[in-house]
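Handing you this structure, nothing more for now.
The values are calculated or read from the model by the stated rules, or taken from the named source; none is laboratory data. Just so it is clear, the model here is predicted, and its values are computed rather than measured. Cβ placement follows ideal geometry from the backbone for every residue including glycine, while neighbour counts extend to all protein chains displayed. These area figures cover heavy atoms from the full protein model, side chains too; ligands, DNA and RNA do not enter into them. Shrake-Rupley method; radii C 1.70, N 1.55, O 1.52, S 1.80 Å.
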Amino acid sequence: KGAQSQTDLPRIAIGFMKSGSSASTTINANKHIPATTDSIISRLSQTKRFIVIDRQEVDQLLEEQTAQALQENRELPSALGDLEGADYLVYGSLASFNIKERTTKLSGSNQIFKSRSGQLEGNVRIVDANSGEVIESRKVSVFEKIDPNDSEVRSIALLADAYAEQVVLNLMNAIYPIKVAHFVADGTAYINRGSDGGLFVGETLTAYRLGEAVIDPDTGLQLGWVESLLGEVLVT
């Protein structure tokens, strides 16, 4: 069906490192940083849209200068093209990783209820490894209710996976934007994304057709595209 072969898939390197302040981090960073990185790699592999470069190979590919820039959350050097064998690099920093427990006592009763919640917040960048251009840069924050009986390890894994889900969704949107692949006579439209695009049944999308390019008359740079509305698409 013309599917993309494994060898044609973009190769992606995960250089996710801890940087920035950890003042609001309430648990050991050595426990949650690897968990977050591993969760991102796992979810990326599940999309079957990328070849994920082995972590040890990434460490070898990243030059000392680049690794230092990642650790300090600075702009990457222009020589990022030296990261041979990778098309994209994902990296960022975790600013906070909190798990809080709340105890509530009912008025006039000795019964006590406990609840736990976790929050993970950080910044993520997706970079073209050949040009060094930042394709996507955004703040990612997740909040999850946690079973009070869960262990710290399980709680960390839950938050790390929720964070990884958002990172991979941003990556998919940046590299594989939603497109209409085919229309049929009954009005059904087939698109190139599914649950891997964060879509759900019943969601309504707006479809546009790209027209001619819009060019800046002074610089000659392309500013965008003329778009014509096709209609709405209900996800089934």
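Report the full-extension gain for the segment residue 154 to residue 200: residue separation times 0.36 nm, less the Cα-Cα distance, to one decimal in nm.
Extra length available between residue 154 and residue 200 comes to 13.9 nm.
Continuing with the same structure: Assuming R0 = 45 Å, can you tell me the calculated FRET efficiency for the pair residue 101 and residue 54, based on Cβ-Cβ distance, to the nearest 0.05?
Given R0 = 45 Å and the Cβ-Cβ separation, E is 0.75.
Ignoring ligands, DNA and RNA, what accessible area per residue does the stretch 97-236 give at 1.4 Å, in Å²?
Here the residues of the stretch 97-236 average 65 Å² of exposed surface.
How charged is the neighbourhood of residue 126? Take every other residue with its Cβ under 13 Å from the Cβ of residue 126, and add Lys/Arg as +1 and Asp/Glu as -1.
-2
Ordered by packing density, taken as the mean number of other Cβ atoms within 10 Å over each peptide's residues, highest first, how do 105-112, 178-185, 41-48, 130-137 rank?
41-48, 130-137, 178-185, 105-112
Here's a follow-up. Taking the Cβ-Cβ separation of residue 46 and residue 227 as r and a Förster radius of 35 Å, what is the calculated FRET efficiency to the nearest 0.05?
That pair, residue 46 with residue 227, gives E of 0.65.
Counting pairs of Cα atoms in the stretch 149-236, how many percent are more than 15 Å apart?
Here the long-distance tail beyond 15 Å is 72 percent of all Cα pairs in the stretch 149-236.
For residue 191, what residues show an amide H to amide H distance below 5 Å, using hydrogens built from the backbone and excluding near sequence neighbours?
Excluding prolines and chain starts, which carry no amide H, the hits are 181.
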